[in-house]
Structure formats: structure tokens, C-alpha cells
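Encoded as C-alpha cells, the structure appears first; notes follow it.
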Amino acid sequence: EQARENRSNPLFFSHYDQAPILERYALLTRLRQALDDHSLDIFLQPKVELETGLLAGFEALVRWPQADGSYIRPDQFIPIAEHGGLIGELDLQVLDKTLQTIQLLQEQGIHTPVAFNASPLDLFEPSHFETMLRMISDSGINPTLLELEVTESRAMEEYDMISERLQQLMDMGVGVSIDDFGTGYSSLGHITHLAASTLKIDRSFVFRMEESTDAVHVVDMILRLSRRFSFKVVAEGVETDTQRKLLLELGCSIGQGYLFSPPLPVNDAVDWALHHSS
Ligand code: C2E
Ligand code: MG
Ligand code: MG
Ligand code: MG
């Protein structure tokens, strides 16, 4: 009944169409405020040795705290930030928190790399990229304790433009990970000259491994290619012990996922690290 009324009422229909746009605009306005207030947080998710469960690194993931104590997840606001021109500033604030966190971990005796996620847009804008480099060198941290993760599919669209910048980061000692590897189209052709140290196997493949031999073959092939071209590999989204064992059998030694730990507030991550270090 409701549906029929909507269809026969053009005014209602167009209002309904616009609602998501208005919602997006409201979110963008609130996000602008959150950036002005520096109120975004990071959570840290451990990367672990699949054999031992010991800490192999952390990934910083942005969280947007709300007045009611809940958090908005990045999937709900990163695309809005990208379209609304706020992603550069957001990523720099996350980088700043990541550098502070590396410092904090060092003070606790935890010397492990911490990754931050960068939008490919960060790498296009020259002044923005310069700011990133300056923040890293001004922080005084050992650059080998920092990693940048950039999504493969989008990184590939303008690959020539950004590969030079990724290489510049690697020359400084910063690690570069290709995130969600395997979901882009041009990955196999590009693998020979990727400016990256690590490939992160997308969790959609890890998720399907238990039920699909095709998914196992894809993971196996990514691992073989990685060995051939000397990339480190991290498996994303490891949720079960069966997946962990399968990955180990295929020769993957590092993973990340709910089986080991969800992303944690920084203080909890420090505790986790102290209990999972050799
Ligand atoms: P990502 O970099 O691929 O991060 C992995 C996502 O998978 C995270 O979601 C993490 O919480 C989730 N995850 C981890 N282990 C598991 C698991 O075992 N099972 C399942 N189902 N999920 C798992 P999150 O934190 O919501 O982040 C989503 C995406 O948002 C990230 O994907 C990244 O692309 C983007 N993102 C996060 N923080 C930032 C940031 O500071 N800047 C930018 N530009 N993007 C960010
Ligand atoms: Mg990532
Ligand atoms: Mg990923
Ligand atoms: Mg992802």
C-alpha cells in the first residue's frame, strides 16, 4: 500500500530520493566539525605470526566517536570524506595519531611496525604528500616502524602517478602494503613492478577458502607470485582456526583477523602487545 502511494505521488517520491543526499550532507558537516575538534580516534588491530600467535605489527583504523559512546565505522564515512574533500585532512590526523602511538609503544618497549591507511587521493596531491613526508621526518621515529596501506584497486587506476611516491616512501624506509590485494583487475600484470613491500590478501578470499577450492587456488597463486617477486604477505580477515591452518599450509606466515583480536583501543592494544611478544 505504502509503495503504491509513493509511486503515485511524485512529490513524495522525489523527497524520498533526496533523503540520502541530505543525510550525506549532514554527515559531512559533522565530520568537518570532528576534524576541527581533532576528535577522531584510532583503534589498533594486531597482525600476528600464524604459527605462534605472536605480535607481528599493528594497523591503525580510524574510529569516529559519537556523543552516545558508540563509534561510526570508517566504511560509513570514508567515501563521504573522499567525495567531500576531507579525506586528505582525515588521513593526516590519523597519521599524526599513528606516529604518536609508535612513540608510546616504544616507551613501553614494544618495537613493532604500525600501519596507517592512505587514500590514493593523498598520494596525488603534491602539497599533501609533502606534508606527509615532513610529518614523518619531524616525528623523529624510525621510518621502518611505519607502514602505509593503500587499496590495490584504486591505487592501480593511476598507478604511474603514485608508484613514484610509494617508492619514495620505501626509499625512506617506510613499509608499503597493497591493501585488499586480489580484488583489483590489473593486479597480475602489475605485480612485477609494484612499488610495495607487502601484499594483504583480501579477506573475501580468506573467508571463502573453507568452502571453495577455487578460493584456495587464488590464495595459493597469490602466495606463489609473492614468493617469486619477494613480497611479504599478510592474510586479512582470519576468523577460524581452519583458515589459520590452511594459510600456514600454503606458506602464509602472517595474518590479521577476529581469530586473534578485533581492532582495540590503544591502551588495550598495548596490553595485548605486552602479552603477545616473545
Ligand atoms: P582495511 O584497511 O582493509 O581494514 C580491514 C577492515 O576489516 C577493518 O574494518 C577491520 O576492522 C575489519 N576486520 C578485521 N579483521 C576482521 C575479520 O576477521 N573479519 C571481518 N569481517 N572483518 C575484519 P574497518 O575498521 O571498519 O575499516 C574499513 C576500511 O576503512 C579499511 O579497510 C580501510 O580501507 C578504511 N579505513 C580505515 N581507517 C582509515 C583511515 O584512517 N584512512 C582511510 N583513508 N581509510 C581508512
Ligand atoms: Mg588496511
Ligand atoms: Mg584490507
Ligand atoms: Mg578492506
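The set of residues in the stretch 107-138 that are small (Gly, Ala, Ser) and surrounded by fewer than 18 Cβ atoms within 10 Å (Cβ to Cβ) comprises Gly109, Ser127, Ser137. Exactly one residue among Ala269, Ala195 is modelled with pLDDT under 95, more than 15 Å from ligand 3 (Cβ to nearest atom) and under 27 Å from Ile136 (Cβ atoms), and that residue is Ala195. One residue alone among Leu54, Leu104, Leu22, Leu61 is at pLDDT below 95 and surrounded by fewer than 21 Cβ atoms within 10 Å (Cβ to Cβ), and that residue is Leu22. The single condition from (1) surrounded by 15 or more Cβ atoms within 10 Å (Cβ to Cβ); (2) part of a helix (DSSP H, G or I); (3) out of contact with any strand residue (DSSP E or B) (no Cβ under 9 Å at 6 or more places or on another chain) that Phe205 fails is (3). Per the listing Ser212, Ser261, the residue uniquely away from ligand 4 (no atom under 16 Å from the Cβ) and in contact (Cβ under 8 Å) with a residue 60 or more places away in the chain is Ser261. There is at least one residue in the stretch 164-182 that is in a loop (DSSP other than H, G, I, E, B) and in contact with a strand residue (DSSP E or B) (Cβ under 7 Å, 6 or more places away or on another chain).
Enumerate the pairs (first residue in the stretch 216-239 and touching a residue at least 40 places away in the same chain (Cβ under 8 Å); second residue anywhere and open to solvent by 30 Å² or more (accessible area, probe 1.4 Å) and of a type in the set (D, E, K, R)) with beta-carbon separation below 6 Å, excluding pairs fewer than 6 apart on the same chain, so at least 6 apart or on different chains. Correct list of pairs: Glu236/Arg203; Val238/Arg244. Listed conditions (1) loosely packed, with under 15 Cβ neighbours inside 10 Å; (2) within 16 Å of ligand 3 (Cβ to nearest atom) are all met by Glu164, apart from (2). Checking each residue in the stretch 244-258 for being touching a residue at least 40 places away in the same chain (Cβ under 8 Å), hydrophobic (A, V, I, L, M, F, W, C) and not in a strand (DSSP E or B) picks out Leu247, Leu248, Cys252. For the stretch 169-182, a tally of residues being without any contact (Cβ under 8 Å) to a residue 40 or more places away in the chain and surrounded by 15 or more Cβ atoms within 10 Å (Cβ to Cβ) returns 5. For the stretch 218-273, the tally of residues that are under 22 Å from Glu152 (Cα atoms) and among the hydroxyl-bearing types (Ser, Thr, Tyr) stands at 3.
Considering the stretch 23-130, the qualifying helices (runs of 4 or more DSSP H), each wholly inside and each with 2 or more residues that are away from ligand 1 (no atom under 13 Å from the Cβ) and of a type in the set (S, T, N, Q), run over 87-107.
The values are calculated or read from the model by the stated rules, or taken from the named source; none is laboratory data. Given the structure is predicted, the values throughout are model-derived calculations rather than measurements. All Cβ positions, glycine included, derive from the backbone under ideal geometry; neighbour counts span all protein chains shown. When the accessible area is computed, the model is the full protein with side chains, heavy atoms only, and any ligands, DNA or RNA have been set aside. Shrake-Rupley method; radii C 1.70, N 1.55, O 1.52, S 1.80 Å.
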